[in-house]
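Worksheet: the structure to be examined is printed underneath.
The values are calculated or read from the model by the stated rules, or taken from the named source; none is laboratory data. Fair warning: this is a prediction, and the values are worked out from it, not measured in the lab. Cβ sites come from the backbone with ideal geometry, for glycine too, and all protein chains shown count toward neighbours.
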Amino acid sequence: MGGLTFVDVCSGAGGLALGLEQAGFEPRLLLDDDTDAVATLRANRPHWHVLGTNLLDFDPSEHRKTYDVDLLSAGLPRVKSSATARRTESGLEERLLEATVYLAHAIRPRAVIIENVPDLAHSDRYQHFRDFARAELAHLGYEFSWFVVNAVDFGVPQNRKQGVLVAVERRWAGAFRSPTPTVSHPRTVGAVLEQSMAARGWPDAGRWAAQADQPAPTLVGGSKNRGGADLGPTGAKRKWATMGVNGHTVGNEVPGRGFEWNPSLGRDNMVKITVEQAALLQGFPTSWQVTGLKTARYRQIGHATPPPVGRALGRAVADALRGEPETPTAG
């Protein structure tokens, strides 16, 4: 088998696709209906074929290059919002999950990766989808792995658990192994962001970094229906406060020389994480530019699959697909 190919849907800011590229896959097509995300993908990889359309409206027969690929990947956005919006978005999320399975049925990739919230792998809430996926794909010859990964185990300075479905064609499925951690000690917020915090000459960057001695809580991009960007729900904000970070907003720039960091005085004397720093906490390289206004940029980053997780998943699938396929035995 030569170079491995993939189709990526709900691509967002490209975290999963970037990780798969690092694992040796070349995209045939990327798909997203968010104009800012499409602009981000095109800005970073002008040679990628990026289509700005909704997965629910996508017809693979109009894009024949999607057929005969090695991998179909989908990283669906996480949403934290009001109860009413959550019901609406939960329904959309379910339809996108099912549409990904139908697309796999149509283009018949050798493997499928679907990534979403941790509950995807085990919760009763997603049992219907797991049953649906099995019913649609098992008779086509796919075998399934459902598991949870935590980004912190792959060098990302963030506790971010993700539920993953990997389906592999039976002749290669026996060689698939879910990814194992690549680091033995978690990276901390302070270690990753100290240099950027000091970029404008702030003298307390080292002292702050020493207090920010743990991984970040899960970054949440939020819904398009919400207001400005923040660092997540109440529990996450409390966690950020222990690191001297104001989690109620996202900053425009890092502290300057005159900033007085004194968390005991309240939010105004805590540091604010910038969009660029949020990208570092997701494992994006500094060269990856996210386009749009601040809230739109943060939303893309918060929804993204951390590239190191995408790379680990991609390597696990690539190892299976590059192995010797099993020959079916006669019945």
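Worth pointing out:
Let's see how each residue does on (1) in contact with a strand residue (DSSP E or B) (Cβ under 6 Å, 6 or more places away or on another chain); (2) in contact (Cβ under 8 Å) with a residue 60 or more places away in the chain; (3) outside any helix (DSSP H, G or I):
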position	(1), (2), (3)
185	no, no, yes
193	no, yes, no
222	no, yes, yes
238	no, no, no
241	no, no, no
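- Among the residues examined, residue 230 does not qualify as assigned to a loop (DSSP other than H, G, I, E, B), modelled with pLDDT of 95 or more and closer than 25 Å to residue 154 by Cα.
- Search result, residues across segment 155-171 that are outside any strand (DSSP E or B), within 11 Å of the chain's Cα centre (by Cα) and surrounded by fewer than 24 Cβ atoms within 10 Å (Cβ to Cβ): none
- If the condition is being at positive phi and surrounded by fewer than 17 Cβ atoms within 10 Å (Cβ to Cβ), then segment 189-225 contributes only 201.
- Scanning segment 37-75 for residues that are over 16 Å from the mean Cα position of the chain (by Cα) and not in a loop (DSSP other than H, G, I, E, B) yields a total of 17.
- The condition of being in contact (Cβ under 8 Å) with a residue 40 or more places away in the chain, under 21 Å from residue 313 (Cβ atoms) and assigned by TED's automatic domain parsing to the domain that holds residue 179 holds for only one of 30, 18, that being 18.
- Every pair of residues 6+ apart whose Cβ atoms lie under 6 Å, when the first sits in segment 270-297 and is more than 19 Å from residue 152 (Cα to Cα) while the second is of a type in the set (A, V, I, L, M) and surrounded by fewer than 20 Cβ atoms within 10 Å (Cβ to Cβ): 289/43; 291/39; 291/43
- Cβ pairs under 9 Å, 6+ apart, first in segment 35-49 and charged (D, E, K, R), second part of a helix (DSSP H, G or I) and surrounded by 17 or more Cβ atoms within 10 Å (Cβ to Cβ): 36/296; 36/297; 36/299; 36/300; 45/17; 45/18; 45/21
- Leading residue by the ranking (nearest to the chain's Cα centre (by Cα)) among those in segment 92-145 that are surrounded by fewer than 18 Cβ atoms within 10 Å (Cβ to Cβ) and in a strand (DSSP E or B): 145
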